[in-house]
Amino acid sequence: MDSITRRYKMSGTEKFDGRDGKAISRRRPLTMTEILTSTSSTLATIMFAWSIIRQYCPHGLRQYFQIYFGKFMDYIYPSPYVRIAIYEFVGERFSRNKAFAAVEAYLSDKLSDDAKRLKAEVGESKNNFSLSMDEYERVTDVYENAEFWWTLSKIPGSAKKSPSLYPDIDRRFYQLKFHKKHRELVKESYLKHVLKEGKEIRVNRRRRKLYTNGTGNRWLIHKSTTWSEVYFEHPASFDTIGMDPEKKQEIIEDLLTFSQSKEYYARIGKAWKRGYLLYGPPGTGKSTMIAAMANLLNYDVYDLELTAVKDNTELRKLLIETTSKSIIVIEDIDCSLEFTRQREIKKKGRSNEEKEKEKAIKEPNKEEEVKSKVTLSGLLNFIDGIWSACGGERLIVFTTNHLEKLDPALIRRGRMDKHIELSYCSYEAFKVLAKNYLNVETHELFGEIKELFNNVKMTPADVAENLMPKSRQEGAEHSLRRFIGSLEEKKRVEEKKKRMEDRKKEKSKIVDEKGDSRLKGVVFRVMNNWGRFWVGEEGGLRMEEK
Ligand SMILES: Nc1ncnc2c1ncn2[C@@H]1O[C@H](COP(=O)(O)OP(=O)(O)OP(=O)(O)O)[C@@H](O)[C@H]1O
C-alpha cells in the first residue's frame with residue numbers, strides 16, 4: 001500500500017480507492033476499539049441533540065416528539081407488551097385518583113426483598129414508617145400464573161409557572177406492563193383484584209377516627225354543622241367488657257356476620273347497614289360497648305349530636321358525608337330531641353308547656369344556640385330512607401337509659417335490628433372485670449362475692465371503680481376485701497330502702513282502707529237522707545222513691 005492509498009478514508013467495512021473513488025469490495029470485521037469509538041460518538045451525538053431539544057424545544061413539542069418517537073419505534077419493532085398508565089391526578093379539577101392510591105397500597109405490600117429504591121413516609125399509623133416504591137423502581141406481580149410488571153414513572157412538568165389555576169407539576173403515574181396474551185385476564189379480573197386488595201390494605205392501615213358534629217363555626221362559615229375529627233384511640237375490647245359470656249359471644253358473632261355479608265345484603269336487596277339499640281341503666285357499659293364494636297370491626301365512629309343539627313336537610317347532609325366502615329352513634333336518644341312517643345302525645349293533645357316548646361322550635365331566637373327542627377320522620381329517613389344506603393357497611397347505634405320512653409316506630413325491628421340490654425353486674429361479668437383489673441381468675445373470696453351478688457344490684461362501672469387498686473402496694477386480696485365491704489354496705493342500704501318502702505306501702509294501704517270505709521259511710525248517709533237511690537234495670541238506670 002503506497003502513501004496515497006494510506007490517506008484513503010476508512011468507513012469500517014469498505015475501503016475506497018483514492019485515485020478513482022471506487023469501492024474496493026474487500027471487507028474486514030471491525031475491531032473492538034472501533035465499535036466502542038463509534039458507539040460512544042453516536043451516544044454523544046444523541047445526548048447533545050437531546051440536550052438541545054430539552055433546552056430550546058417547547059415543553060408541548062417535546063412531548064409530541066416523545067410520543068411519535070415511541071410510535072416510530074413500535075412500527076419498526078412491534079412490541080408484544082401492553083402498557084396501562086394510572087395517573088395520580090385525573091380530571092379537569094385535578095382530583096386525586098382513587099385507583100392510584102389503591103395501586104400504591106397494593107404494591108407496597110408486594111415489595112420484594114430485593115427492591116432497591118424505596119420511599120419511607122410517616123403514614124397515618126402512629127410512630128410508624130410506611131414504605132412504598134420510589135420512582136422508576138419495578139415490582140413484579142404474579143396473578144393466576146401470569147406476570148405483571150409495575151413501575152412508578154413521571155412526566156416532568158414545565159419549570160415555568162403555569163398561568164392556569166393548577167400548576168404544571170410532575171405527573172406521576174403507575175405503569176402496568178403485561179404480555180398481550182393476558183389482555184382479557186387484566187380486563188376481567190386482575191385490575192379488579194388490585195383495586196379490591198389495595199382498598200382493603202388502605203382501610204386496615206389507616207388510623208381510625210372519631211368524628212363529631214359541632215356548632216363551633218356555625219355562624220362564621222357555612223352556617224351549618226360539619227364533622228370534625230380526632231384519632232380514635234379507645235382501648236375497649238370485647239375481652240375487657242364485663243358481661244355474660246354467652247351474650248357477649250352472640251353479639252360478636254352478629255357483628256362479624258354483618259361485616260362479611262356484603263353479597264348477602266346485595267342479594268336480598270337491602271342496604272348494607274344494621275341498627276343496634278343499647279339500653280340499660282347508666283354505667284352499664286353502653287358507650288364502652290360502642291368502642292369495643294369499633295375496635296372489633298376496625299370501623300370509624302361518628303358521634304352524632306342531634307341537638308346541634310338544624311333541620312332534616314342538615315341531618316341528611318351529615319349522613320352523606322359519613323364514610324363506609326363506620327358506626328353512627330346517637331347517645332341518649334331519649335334526651336336528644338322530642339322523639340319520645342311523639343305521635344302518642346299528639347294524639348292525646350299537648351300540654352301548654354309542650355306547645356310552648358314547639359313554638360320555641362318554630363320561632364328560634366337568633367341570639368340563642370341552635371334549636372333543632374329535626375323531626376321524628378327526618379330521623380326515620382336518616383336510619384332507613386333512600387339516602388341511608390349511600391356508603392354501605394354501616395352500623396347505626398342508639399343508646400338510652402329509658403327504653404320505655406322511646407317512640408316504638410324509632411326502635412322497631414328493621415330499624416333497630418338488634419336490641420341489647422346492658423344491665424347490672426352479674427357474677428360472671430364480675431369475673432371478667434376481676435381478671436382485667438386485678439389479673440385474678442379465681443380466689444377464695446369469690447364464693448362470698450357470688451353470694452352477695454344474689455342480693456345486690458351494682459353497675460359494672462361501680463364494680464370497676466371498686467376493683468381498681470387505690471395504691472401501688474395494694475394486692476388483689478386487699479382490693480377484693482374492700483369490694484366485699486362495698487357490696488355489704490350496698491346490701492345494707494338496699495335493705496333499709498326496701499324496709500322503708502314496705503312501711504310506706506303499708507301506711508298508704510291503711511289510709512286507703514280507712515278512706516274507703518269513711519267514703520262508704522258518707523254515701524250511705526246521703527242516700528238515706530235524700531231517700532233516693534239508683535237501681536239498675538235492663539242495662540239502664542232509673543231513680544226510685546224509697
Ligand atoms: N360492662 C362493662 N365492662 C367493663 N367496664 C365497664 C362496663 N360497664 C361500665 N364499665 C366502666 O364504667 C365506665 C362507664 O361506662 P359507660 O360510659 O360505658 O356506661 P354507659 O352505660 O354508657 O353510661 P351512661 O348511660 O351514663 O352513658 C367506663 O369507663 C367503663 O370502664
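Per-structure values
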| item | result |
| --- | --- |
| So GLU229, is it under 14 Å from ASP300 (Cα atoms), within 15 Å of the ligand (Cβ to nearest atom) and at pLDDT below 90 | no |
| Scope segment 18-40; condition surrounded by 10 or more Cβ atoms within 10 Å (Cβ to Cβ) and modelled with pLDDT of 80 or more; matching residues | THR31, GLU34, ILE35, LEU36, THR37, SER38, THR39, SER40 |
| Residue match in segment 390-413 (condition: among the aromatic types (Phe, Trp, Tyr) and touching a strand residue (DSSP E or B) at 6+ places or on another chain (Cβ under 9 Å)) | yes |
| ASN455 surrounded by 11 or more Cβ atoms within 10 Å (Cβ to Cβ) and either more than 21 Å from ILE241 (Cα to Cα) or modelled with pLDDT of 85 or more (or both) | yes |
| TYR424, sole failed condition from (1) more than 16 Å from the ligand (Cβ to nearest atom); (2) in contact (Cβ under 8 Å) with a residue 12 or more places away in the chain; (3) not β-branched (Val, Ile, Thr) | (1) |
| Hits in segment 60-70 - residues which are out of contact with any Lys or Arg (no Cβ under 8 Å at 6 or more places or on another chain) and either over 20 Å from HIS179 (Cβ atoms) or outside any helix (DSSP H, G or I) (or both) | GLY60, LEU61, GLN63, TYR64, PHE65, GLN66, ILE67, TYR68, PHE69 |
| Qualifying residue in segment 451-466 (condition: away from the ligand (no atom under 16 Å from the Cβ) and touching a residue at least 60 places away in the same chain (Cβ under 8 Å)) | no |
| Single match in GLY378, GLY391 (criterion: in the same structural domain as LYS286 (by TED's automatic domain parsing), modelled with pLDDT under 90, more than 30 Å from SER486 (Cα to Cα) and in contact with a Ser or Thr (Cβ under 6 Å, 6 or more places away or on another chain)) | GLY391 |
| Some residue of segment 252-265 being surrounded by fewer than 20 Cβ atoms within 10 Å (Cβ to Cβ), within 15 Å of the ligand (Cβ to nearest atom) and not aromatic (Phe, Trp, Tyr) | yes |
| Selection count where residues are basic (Lys, Arg) and under 19 Å from SER479 (Cβ atoms), scope segment 416-464 | 3 |
| Leading residue by the ranking (farthest from the ligand (Cβ to nearest atom)) among those in segment 266-286 that are assigned to a loop (DSSP other than H, G, I, E, B), within 15 Å of LEU395 (Cβ to Cβ) and out of contact with any Asp or Glu (no Cβ under 6 Å at 6 or more places or on another chain) | LYS270 |
| Count - residues of segment 67-108 that are under 17 Å from ARG202 (Cβ atoms) and surrounded by 14 or more Cβ atoms within 10 Å (Cβ to Cβ) | 13 |
| Matching residues, segment 116-152, being modelled with pLDDT of 70 or more, among the small types (Gly, Ala, Ser) and either exposed (fewer than 14 other Cβ atoms within 10 Å of the Cβ) or more than 33 Å from the chain's Cα centre (by Cα) (or both) | ALA120, ALA146 |
| Enumeration of residues in segment 432-442 that are out of contact with any Asp or Glu (no Cβ under 7 Å at 6 or more places or on another chain) and either of a type in the set (S, T, N, Q) or more than 17 Å from ARG481 (Cβ to Cβ) (or both) | VAL432, ASN436, ASN439, GLU441, THR442 |
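Per-residue answers, yes or no, for (1) surrounded by fewer than 19 Cβ atoms within 10 Å (Cβ to Cβ); (2) assigned to a loop (DSSP other than H, G, I, E, B):
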{"residue": "THR288", "(1), (2)": "no, no"}
{"residue": "ALA291", "(1), (2)": "no, no"}
{"residue": "LYS317", "(1), (2)": "yes, no"}
{"residue": "SER324", "(1), (2)": "yes, yes"}
{"residue": "ILE327", "(1), (2)": "no, no"}
{"residue": "CYS335", "(1), (2)": "yes, no"}
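The values are calculated or read from the model by the stated rules, or taken from the named source; none is laboratory data. On a predicted model such as this, the values are computed, not experimentally measured, just so you know. Cβ atoms come from the backbone with ideal geometry, glycine included; neighbour counts cover every protein chain shown.
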